[in-house]
Amino acid sequence: MNDSGIYGLSGFAVRAAREGGRWRVDLLAQDAGDELPVLERALGDPGAGGWPPPVVLVVDSRLYFVALRHGPGGMVRALISDATMLEWVLAAEVVERYGIGVDTDGAFDDDETGWPGGDLDLFADDGLPAEELRPIVTADDLWADEMVQRIATRLGFADELAAAVRS
């Protein structure tokens with residue numbers, strides 16, 4: 001595999017939403033945008049898209065990914081695959097804005113496993129509960145884009161994701 005990842009990009013941002021029972025995935029940026037307010041706005045108005053609401057997925061330099069989604073009452077729920085990536089602007093903003101705890105004790109051990117943080121039940125309404133998501137986001141043999149691909153496969157929008165990021 002080359003350094004640009006499975007989709008030919010080192011990073012990307014997409015919005016995935018169910019419309020009429022089918023997934024629609026739109027590319028927001030070919031580089032993982034680091035403007036958190038822009039990514040939050042891409043979610044749309046809370047409650048406007050039905051339930052479960054759309055999700056914004058951002059892969060940053062293949063090292064980590066961020067997922068954002070509206071929760072009950074319009075609050076934004078966030079998940080980061082590795083909350084220790086604080087040297088990256090987007091990761092630091094997500095951790096700070098959503099109050100994600102970062103336990104760095106042992107975070108840089110020999111196995112280089114990431115430390116997911118935030119809402120691991122972010123995809124539960126789509127059929128991917130935390131206990132099934134955790135092995136994906138803690139797999140030390142997967143890059144962030146590969147984690148997102150596995151999530152998309154489980155949720156049923158892998159083909160739409162591939163088409164969006166290759167366009």
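Taken together, the values in this text are just the output of simple stated rules run on the coordinates, not laboratory data. Since we're looking at a predicted model, the values are computed, not measured. Cβ sites come from the backbone with ideal geometry, for glycine too, and all protein chains shown count toward neighbours.
Between residue 27 and residue 87, 0.36 nm times their residue separation minus their Cα-Cα distance comes to what? Don't skip to the end; give the middle numbers.
On the way: separation 60, 0.36 × 60 = 21.60 nm, distance 2.50 nm.
Between residue 27 and residue 87, full extension yields an extra 19.1 nm.
Mind sorting out which of [x] 46, 36, 30; [y] 48, 47, 33; [z] 40, 35, 29 is the real Cα extents along the principal axes in Å computed from the coordinates?
It is the value labelled [x].
Projected onto the charge dipole of the chain (+1 at Lys/Arg Cβ, -1 at Asp/Glu Cβ, origin at the Cα centre), which of 30, 44, 20 gives the Cα projection farthest towards the positive end?
Going by the Cα projections, it comes out as 20.
Could I have the simple spin-label model distance between residue 35 and residue 139, label points 7 Å from Cα toward Cβ, reported in nm to one decimal?
Modelled inter-label distance: 3.3 nm.
Looking only at 21, 74, 118, which one moves most when the chain is put into a Gaussian network model with springs between Cα atoms under 10 Å?
Of the options given, 21 has the highest mean-square fluctuation.
In a shell of Cβ-Cβ distance under 12 Å around residue 71, excluding residue 71 itself, what net charge do Lys and Arg (+1) and Asp and Glu (-1) give?
-1
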